[in-house]
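*Asks:* Supplied in structure tokens, the structure appears directly below.
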Amino acid sequence: MASLRTRLLLLAAALLLGLPAAAQLHRGARTLVRSGLMPKPDSLRAERDSLRLAGLLLEMDSVAAPDYAADSAAVAALRTDDRRTLDSLAAARYAAALQGLDTTAKRPRLKKGWFMSDSMSLSKVCWLSTVLPGYGQVYNRQYWKLPVLYGTVGAGLALFLHENKTYKPLKRAYESYTNTSLARTPELDALQTKMIRSNTRRQIYLGITIASYVYFIGDAAVNYSTNEVSSVKKATTLACIFPGAGQIYNKSYWKVPFVVGGFASMIYCIDWNNRGYQRFKKAYNQISDYEQHPEKYPDGPVDEFGGRYSASYILNLRNNFRRNRDLCIIISGALYVLQIIDAHVDAHLKDYDISDDLSMNLEPLVDYTYVPTLGGNRPVFGFNMSLKF
């Protein structure tokens, strides 16, 4: 009833505002002035209209006030209920989230800086580990590995330096002895045996030192987990650190013997050709000196061949060994790059889905096509072939 009354009042106000002023106010007959002057305008018209409109609006507000109060109370109650419902739902979700969290644990503070940052890349960690042994273990917070690293590398390096001091005098004595005479004597055999054994121990100690050093650089790369690093980057980095490590990380173990065997063969070939190069280099220097100054050698040539070969022949042999040695070094470099590429590609293809369903399906095909000259659709016959690979 109140809403109907409100509508009627609004309609009356609209009609009242739309009527001309003569219909709104009951005024008497105008007095015309016969002297030719225009009638004076009604200066109180605007004030009377404003007062009447204000009264009408007050009456409308007094009629609609109960309806507004009821509607406001209903809206307020509805919003209160919705707010309570939303608050209860949010509280339930928050409680469920807290059940899976350890509220007592402290969030670690992120370190920022050039030398020790939590956002440091894997490549930078490996390079710093190369310059500063043990940096990768400190960065990965594996401090217990530091005594093992420094103990192994330090012991191997100390043994190598100690054995190298023993090997150097033996080598100098052997070279001075063979420069004057190549006759096999018990003293020369004993000296050569001691020199070979000392050199073998020296190489073993050096190998242990280098292997320990390289291993801990690879360990820093494997245990790097601060940032999200793809397996492709880890495999490539490990392959760069040590040949075959990338294949092991990719679990392609059958490739490791080929990589390690290839490098072992190349190292042996490099060493063999280098020893031949040093041998014929020494012989060429001796025979060249003999040909230029024969008076210095009253007993004849002192090279290991006893002057049976000319200097040009010895020179060709020396150059051949040097060329083969350099070629083996180039092949070793190519093999190193090849195994890095293999580890990189293999890591990429680990997630590539290769289905075992390799099949071909051939079936008849019937289709219809519109032919304008015939004025309609005509059947078309053929075959449909599909390949799965």
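The values are calculated or read from the model by the stated rules, or taken from the named source; none is laboratory data. Source: prediction; values computed, not measured. For neighbour counting, all protein chains shown are included, and Cβ atoms are generated from backbone atoms with ideal geometry for every residue, glycine included.
*Asks:* If SER359 meets every condition in (1) surrounded by 12 or more Cβ atoms within 10 Å (Cβ to Cβ); (2) touching a strand residue (DSSP E or B) at 6+ places or on another chain (Cβ under 9 Å) apart from one, which number is that one?
*Replies:* (1) is the only condition that SER359 fails.
*Asks:* Looking at the stretch 246-276, which of its residues are touching a residue at least 60 places away in the same chain (Cβ under 8 Å) and under 19 Å from SER212 (Cα atoms)? So that I can check it myself, show each step before the final result.
*Replies:* Restricting attention to the stretch 246-276, the residues satisfying the condition of being touching a residue at least 60 places away in the same chain (Cβ under 8 Å) are 246-247, 249-250, 252, 255, 259, 262-263, 266-267, 270.
Correct list: GLY246, TYR249, PHE263.
*Asks:* Looking at TYR268, TYR284, TYR277, TYR313, which is the one that is surrounded by fewer than 12 Cβ atoms within 10 Å (Cβ to Cβ), at pLDDT 85 or above, among the aromatic types (Phe, Trp, Tyr) and in a helix (DSSP H, G or I)?
*Replies:* Values: TYR284 fails: surrounded by fewer than 12 Cβ atoms within 10 Å (Cβ to Cβ); TYR277 fails: surrounded by fewer than 12 Cβ atoms within 10 Å (Cβ to Cβ); TYR313 fails: surrounded by fewer than 12 Cβ atoms within 10 Å (Cβ to Cβ).
Of TYR268, TYR284, TYR277, TYR313, the one residue that is surrounded by fewer than 12 Cβ atoms within 10 Å (Cβ to Cβ), at pLDDT 85 or above, among the aromatic types (Phe, Trp, Tyr) and in a helix (DSSP H, G or I) is TYR268.
*Asks:* So, of the residues in the stretch 370-389 that are over 54 Å from the mean Cα position of the chain (by Cα) and not in a strand (DSSP E or B), which turns out to be surrounded by the fewest Cβ atoms within 10 Å (Cβ to Cβ)?
*Replies:* THR373
*Asks:* Pick from the stretch 318-345 the residues that are charged (D, E, K, R) and either within 30 Å of GLN286 (Cβ to Cβ) or modelled with pLDDT of 95 or more (or both): which of them is farthest from the chain's Cα centre (by Cα)? It would help to see each step written out before you state the result.
*Replies:* Taking the stretch 318-345 and keeping what is charged (D, E, K, R), we get 318, 322-323, 325-326, 342.
With the extra rule that they be either within 30 Å of GLN286 (Cβ to Cβ) or modelled with pLDDT of 95 or more (or both), the set shrinks to 318, 322-323, 325-326.
Numbers: ARG318: 48, ARG322: 42, ARG323: 41, ARG325: 38, ASP326: 36 Å.
My answer is ARG318.
*Asks:* Against the condition in a loop (DSSP other than H, G, I, E, B) and loosely packed, with under 10 Cβ neighbours inside 10 Å, how does PRO298 come out, does it pass? Steps first, please.
*Replies:* Values: in a loop (DSSP other than H, G, I, E, B): yes; loosely packed, with under 10 Cβ neighbours inside 10 Å: yes.
Against the criterion (in a loop (DSSP other than H, G, I, E, B) and loosely packed, with under 10 Cβ neighbours inside 10 Å), PRO298 qualifies.
*Asks:* Which of the following residues is touching a residue at least 12 places away in the same chain (Cβ under 8 Å), assigned to a helix (DSSP H, G or I) and closer than 28 Å to TYR268 by Cβ: ILE341, ILE329? Working first, answer last.
*Replies:* Details: ILE341 fails: touching a residue at least 12 places away in the same chain (Cβ under 8 Å).
Just a single option satisfies the conditions, and that option is ILE329.
*Asks:* Would you be able to say whether some residue in the stretch 228-247 is at pLDDT below 90, among the hydroxyl-bearing types (Ser, Thr, Tyr), in contact with a Pro (Cβ under 7 Å, 6 or more places away or on another chain) and assigned to a helix (DSSP H, G or I)?
*Replies:* no
*Asks:* Name the one entry in TYR177, TYR167 that is buried (at least 16 other Cβ atoms within 10 Å of the Cβ) and modelled with pLDDT under 85.
*Replies:* Values: TYR167 fails: modelled with pLDDT under 85.
Unique residue meeting the criteria: TYR177.
*Asks:* Something else: Evaluate the following for GLY246: is it small (Gly, Ala, Ser) and farther than 17 Å from LEU338 by Cα?
*Replies:* On the way: small (Gly, Ala, Ser): yes; farther than 17 Å from LEU338 by Cα: no.
For GLY246, the condition - small (Gly, Ala, Ser) and farther than 17 Å from LEU338 by Cα - is not met.
*Asks:* Related question: Could you list, in sequence order, all residues of the stretch 181-224 that are charged (D, E, K, R) and in a helix (DSSP H, G or I)? Explain how you work it out, then say what you get.
*Replies:* Taking the stretch 181-224 and keeping what is charged (D, E, K, R), we get 184, 187, 189, 194, 197, 201-202, 219.
Selection gives GLU187, ASP189, LYS194, ARG197, ARG201, ARG202, ASP219.
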